[in-house]
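Q: Sending over a structure as structure tokens; questions will come in a sec.
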Amino acid sequence: MKSIAVFCGSNFGSSIAYRDAAQDLGHQLTARKIKLIYGGTQKGLMSVLADAVLKSGGEVHGVITTKLHQLGHAHPALKKLEVLRSMRERKARMIELADAFIALPGGLGTLEELFEVAALVQLGEHNKPCGVINVQGFYDPLQAMLNKAIQEEFMKPDHRNMIEIQSCAADLLEALSKWNVPASNKWID
């Protein structure tokens, strides 16, 4: 993996543990010489993550929308920043640039981005690994929801681990390096 797109909150969240996890991920990416692809802003966990990579000498590639750029949300220290018209274009570009995807805690945008890349794997549109850093059990409800989808026969059991879930960046990066695409298609006969 040479580049990883990270989806995370444009707010900080209620716990310092979220900031610590973002910083740790930034340091882990830099130590492994993995380029960070992210939303390009100076807001919330996104800024903490980018700052950690930049301060430790890593490479950051921001991809931001025109609207967010016009609102002054762009991170001022980025050497590489693409400004695209819409969120759809932004997500498509991040998917194109990344070799894998990680979600830290975040809100609707983070969850939507995570589910989109996972659904694209399930549909066979890409075979790039995706996972989450489960800081303080933030993604425990996601695990429960995936189990419920399997129980109710909306998803196959071998797709449960399509989204790798680990509690720290080092473990997640290791798991993503060994990740395999589910062998079966998404449809239940």
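Q: Quick one: in region 5-28, of everything that is assigned to a loop (DSSP other than H, G, I, E, B) and touching a residue at least 60 places away in the same chain (Cβ under 8 Å), which residue is surrounded by the most Cβ atoms within 10 Å (Cβ to Cβ)?
A: If we filter region 5-28 for residues that are assigned to a loop (DSSP other than H, G, I, E, B), which is where we start, we get 8-15.
After this cut, where a residue has to be touching a residue at least 60 places away in the same chain (Cβ under 8 Å) as well, the list is 8-11, 13, 15.
Details: 8: 28, 9: 21, 10: 18, 11: 14, 13: 21, 15: 13.
Among them, the one singled out is 8.
Q: Read through the list (1) exposed (fewer than 14 other Cβ atoms within 10 Å of the Cβ); (2) part of a loop (DSSP other than H, G, I, E, B), then give the number of the only condition that residue 58 fails.
A: Condition (1) is where residue 58 drops out.
Q: Of 39, 44, which residue is on the phi > 0 side of the Ramachandran plot and not basic (Lys, Arg)?
A: 44
Q: Residues that are farther than 24 Å from residue 169 by Cα and not in a helix (DSSP H, G or I): does region 29-40 have at least one?
A: no
Q: Further question: Please work out which residue is surrounded by the fewest Cβ atoms within 10 Å (Cβ to Cβ), limiting yourself to region 41-55 and to residues that are over 20 Å from residue 172 (Cα atoms) and more than 15 Å from the chain's Cα centre (by Cα).
A: Ranking the candidates gives 55 first.
Bear in mind that the values in this text are calculations on the coordinates, not laboratory data. Please read these numbers as outputs of a predicted model, since none were measured by experiment. Backbone-built Cβ (ideal geometry, glycine too); neighbour counts: all protein chains shown.
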